[in-house]
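The values are calculated or read from the model by the stated rules, or taken from the named source; none is laboratory data. Everything quoted here is computed from the prediction, not taken from an experiment. Quick reminder, even Gly has a Cβ in these numbers, built from the backbone with ideal geometry, and neighbours come from all protein chains shown.
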Amino acid sequence: MAQLWGGRFTKATDRTVYDFNASISFDKRLFHEDIQGSTAHVTMLAKQGILTERERDEILEGLSGIRGDVDNGILEIDINCEDIHSFVEAELIRRIGDTGKKLHTGRSRNDQVALDMRLYTRKRVAVTDGLLKELLTVILDVMEENLGTYMPGFTHLQKAQPTTLAHHFGAYFEMFRRDRQRMADLYRRMNYCPLGAGALAGTTYPLDREYTASLMGFAGPTLNSMDSVSDRDYLIEFLSALSTVMMHLSRFCEEIIIWNSNEYQFVEIDDAYSTGSSIMPQKKNPDVAELVRGKTGRVYGALLSLLTTMKGIPLAYNKDMQEDKEMTFDAMDTVENCLILFCGMLRTMRFRSDRMAQSAMKGFTNATDAADYLVGKGVPFRDAHGIIGRLVLYCVEKNTSIDKLSLEELKGISDQFEADLYDAISLETCVEKRLTIGGPGQEAMRAVIEKYREYLGESALADLTTDESYTDR
Ligand code: ARG
């Protein structure tokens, strides 16, 4: 048991209490951020004359030695310490002696952990953003190759109107683009430095919080010290944005599972991304897609967990807040892994344009266009809707489709039908005539794709973070 306090106690902490309270098993992830924060803090303390330059140099050398030794595997993080902050401070004192005891001047673990978690989360937001960008690139590649790949569009999972694979994927492009915007939004909002808030009420030392913030690339210091140590909104926002990413991935996975089924065969998931059955030799299962869909639950769980943890906490810091870490870390790992796996699955997936087109030809996906044809001949839309409804019923009874009927049969239902109907309701016409922006017609799609390419050329959040220390997951 190694802890930073004990002066006012007459008894040792009960072992079970110590273990219950300790957080090093999971906050050891914050090691690099803890060193980074201490480095900035000490640099500022010396600039303000609170530490001498010599003391600063001794501490900085000690800190970088600890960091190097842990990174190189020479030094192991001692999990008997209470938390990562205690480990770094104890190790520093062990190395450089009494000067090391000055590290915590004008600081509390409350603002320290608030800083560490923010630094760590900031990096993970940027990583998630980068992975989303990669996914968008894969989606856009598929779109560009499939502008003329006709497929049925669905409502209620019933064939509705024909569209293209490019158009269908474009919907996901929009979703994941909004997810990236959410990352950028929350990044901007969270990018303020809580260090200097102390335990809750600031400190009496003449700290330069602007300077500390600038050393770590923050937009500035946070403006209320009580909020600084007890704000976890940014984590809730991040978990909410991650939950939305998972919801989108899960919908996409659901479609891929359906499309990959024997009944649909719109896509074929690559062998490298499929799994077999221990009993049924013929099976090739879409486990990756199913797992991504399944893991959505645990990410939602992390969001609900933190919302619930935070709901009854009075100002300012309370130990409940230590519960902000484990499930958040799990959610970050889960989403990053899912994005990587999903990208790989998508990149290697085979699209069966023949199957999609065949499917689009069946199921009366051109019924709306047939009604529109009659409108073109002067029939009011509501009447046209009724006529085509009867036509569909006729086809269902004869087990055929509208385009296969003879002109006489068509005229039997409405004398407005002429030979030009066949062209007006062909699969190609149905898609290519939908040319308003946002529609599947190739010309409309090309304009949108051009915008998407331009968008992907813009800089990503990862370009903003110059720090290289994110290597230790
Ligand atoms: N492990 C603690 C946490 O994650 C660090 C802050 C401890 N502060 C305190 N007053 N006990 O929140």
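Would you pick out the residues in segment 252-295 that are touching a helix residue (DSSP H, G or I) at 6+ places or on another chain (Cβ under 8 Å), part of a helix (DSSP H, G or I) and among the small types (Gly, Ala, Ser)? Of everything in segment 252-295, those that are touching a helix residue (DSSP H, G or I) at 6+ places or on another chain (Cβ under 8 Å), part of a helix (DSSP H, G or I) and among the small types (Gly, Ala, Ser) turn out to be Ala272, Ala289. Count of segment 201-242 residues, restricted to those that are farther than 22 Å from Ala184 by Cβ, assigned to a helix (DSSP H, G or I) and aromatic (Phe, Trp, Tyr), is 1.
If a residue has to be free of Cβ contacts under 8 Å to residues at least 12 places away in the same chain, aromatic (Phe, Trp, Tyr) and assigned to a helix (DSSP H, G or I) to count, how many in segment 1-18 make the cut?
The qualifying residues number 0.
Of the helices (runs of 4 or more DSSP H) entirely within segment 19-80, those holding at least 2 residues that are modelled with pLDDT of 95 or more and more than 16 Å from the ligand (Cβ to nearest atom) occupy 31-47, 53-71. Counting the residues of segment 296-333 that are more than 16 Å from the ligand (Cβ to nearest atom), in a helix (DSSP H, G or I) and surrounded by fewer than 20 Cβ atoms within 10 Å (Cβ to Cβ) gives 8.
Restricted to segment 388-463, the set of helices (runs of 4 or more DSSP H) holding at least 3 residues that are without any contact (Cβ under 8 Å) to a residue 12 or more places away in the chain, within 30 Å of the chain's Cα centre (by Cα) and surrounded by fewer than 12 Cβ atoms within 10 Å (Cβ to Cβ) comprises 442-457.
Each row is one residue, and each column tells you yes or no for (1) surrounded by fewer than 19 Cβ atoms within 10 Å (Cβ to Cβ); (2) touching a Cys at 6+ places or on another chain (Cβ under 7 Å); (3) not aliphatic (A, V, I, L, M).
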residue: Ala22; (1), (2), (3): no, no, no
residue: Phe26; (1), (2), (3): yes, no, yes
residue: Thr43; (1), (2), (3): yes, no, yes
residue: Thr52; (1), (2), (3): yes, no, yes
residue: Glu55; (1), (2), (3): no, no, yes
residue: Arg67; (1), (2), (3): no, no, yes
residue: Val70; (1), (2), (3): no, no, no
residue: Leu75; (1), (2), (3): yes, no, no
residue: Gly97; (1), (2), (3): yes, no, yes
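Residues that are more than 16 Å from the ligand (Cβ to nearest atom), part of a helix (DSSP H, G or I), farther than 30 Å from Arg178 by Cα and in contact with a helix residue (DSSP H, G or I) (Cβ under 9 Å, 6 or more places away or on another chain) within segment 98-132 comprise Thr99, Gly100, Lys101, Lys102, listed in sequence order. For Ala160, are the conditions met, namely being surrounded by fewer than 17 Cβ atoms within 10 Å (Cβ to Cβ) and within 16 Å of the ligand (Cβ to nearest atom)? Considered against the rule, which asks whether it is surrounded by fewer than 17 Cβ atoms within 10 Å (Cβ to Cβ) and within 16 Å of the ligand (Cβ to nearest atom), Ala160 comes out as no. Filtering segment 281-311 to residues that are over 21 Å from the mean Cα position of the chain (by Cα) and more than 16 Å from Asn260 (Cβ to Cβ) leaves Pro281, Thr308, Thr309, Met310, Lys311.
Residue pairs whose Cβ atoms lie under 6 Å apart, sitting 6 or more positions apart in sequence or on different chains, and linking a residue in segment 62-83 that is under 22 Å from Ser108 (Cβ atoms) to a partner that is within 16 Å of the ligand (Cβ to nearest atom) and among the small types (Gly, Ala, Ser), are Leu63/Ser38; Cys81/Ala2; Glu82/Ala22; Asp83/Ser23.
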